[in-house]
Amino acid sequence: MNALTLPDIAAQASRQALPLDWVGMCGIALPILIDGERLAATADAGVSLDDGAARGIHMSRLYLALEMLDQQPLTPARLRNVLQRFLDSHEGLSNNAYLRIHTDLLLKRSALVSPLAGWKGYPVSIQARLENQMFHVELKIDVTYSSTCPCSAALARQLIQQQFLEDFGNTPLQHEDVLTWLGSANGIVATPHSQRSSAQLLIELDGDQPSLPITELIDNVEAALGTAVQTAVKRADEQAFALANGQNLMFCEDAARRLNLALKRSDAVNAFHLKVIHAESLHAHDAVAESRWTRNPA
Ligand SMILES: Nc1nc2c(ncn2[C@@H]2O[C@H](COP(=O)(O)OP(=O)(O)OP(=O)(O)O)[C@@H](O)[C@H]2O)c(=O)[nH]1
């Protein structure tokens, strides 16, 4: 070796000839473009090291391939190109390529009634892989919403009925008296418990989609639940939210079924695994339901 030659350890033979499933870098800072917005993201980029005799992969080649993503919109086709470049730059070493991108999508959300709006953040991971020449792209999205327990609502209604009997059982009913009573504390002597809940969605997309339908999927999910958490809220919005909760009483099973049906309706979705978590205010533990679906089971 002369003074101008740099030692290349990765090109050496491995002491233990053993293939590895995933080798690469995690937490690479990367700006990405989604729906015309530039977002801060982190990327995990890797390949399989199938040549067990090779000491290491060439990290810099994966890193440089990510350049393709910082100026152009993130699409399934572009993800596939990056993965192909990972493999082309590791010919003879790697058969499979992997890329995970983590970001927080910010969406402007209108208030329910008032002419206000605010920003809502959605943690999103885009997971792409080229495995045995098959391209797969998945979205991992978390959506928060409110759930009010239908059992608790029924029990509360029963107590309100009992209170009504106690207050009016032996008197002739006057419309005005009942209206006043309904607006008093006795008219809502019990309230059902509700909780902030989250839907964790792992969605396998059809890889031929021209774009990543992240916003569309979030909108469908929130519409199916009917009780998405809000941003800017005035009293009129809070009242509309109370109505939305009353009209969408949900066990975690109900929420999981609603989401199952909503996601199946999207042509972009090939398969999913969803998990809903109701962080119970009745219990110190969570109520959880999961559902899986595949469009074309093998
Ligand atoms: N394979 C591997 N490389 C590492 C690791 N940690 C740091 N690196 C460094 O990543 C740098 C880039 O590696 P390469 O892509 O092989 O760099 P290079 O040999 O200059 O580039 P090529 O000529 O394209 O192979 C090297 O300086 C490695 O030492 C590790 O755990 N594994």
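The values are calculated or read from the model by the stated rules, or taken from the named source; none is laboratory data. Bear in mind that the values here come from a model prediction, so they are computed numbers and not experimental data. Note: areas computed on protein heavy atoms with side chains; ligands, DNA, RNA excluded. Shrake-Rupley method; radii C 1.70, N 1.55, O 1.52, S 1.80 Å.
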Alpha carbon Rg of the chain, scaled by the compact-globule rule 2.2 N^0.38 Å
1.39
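At 1.4 Å probe radius, can you tell me the per residue accessible area of the chain in Å²? Working shown, then result.
Numbers: 16770 Å² over 298 residues.
Heavy-atom SASA per residue in the chain reads 56 Å².
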Pairs of alpha-carbon atoms within less than 8 angstrom and 6+ residues apart define the contacts here; what relative contact order does the chain have, in percent?
15
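Using a probe of 1.4 angstrom, how much of the accessible area of the chain is carbon and sulfur, in percent?
52
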Expressed to two decimals, the stretch 37-118 has a Cα Rg over Rh, using the Kirkwood radius, of 1.21
What 222 nm value per residue comes from the helices of the chain, counting each DSSP H run with n ≥ 4 as -39,500 (n - 2.57) and dividing by all residues, nearest 500 deg cm²/dmol?
-9000 deg cm²/dmol
For the stretch 61-166, the Cα gyration tensor yields equivalent-ellipsoid semi-axes (√(5λ), largest first, whole Å) of 50, 19, 8
Expressed to two decimals, the stretch 209-298 has a Cα Rg over Rh, using the Kirkwood radius, of 1.03
Which of 105, 49, 179 moves most in a GNM of the chain, Cα contacts under 10 Å?
179
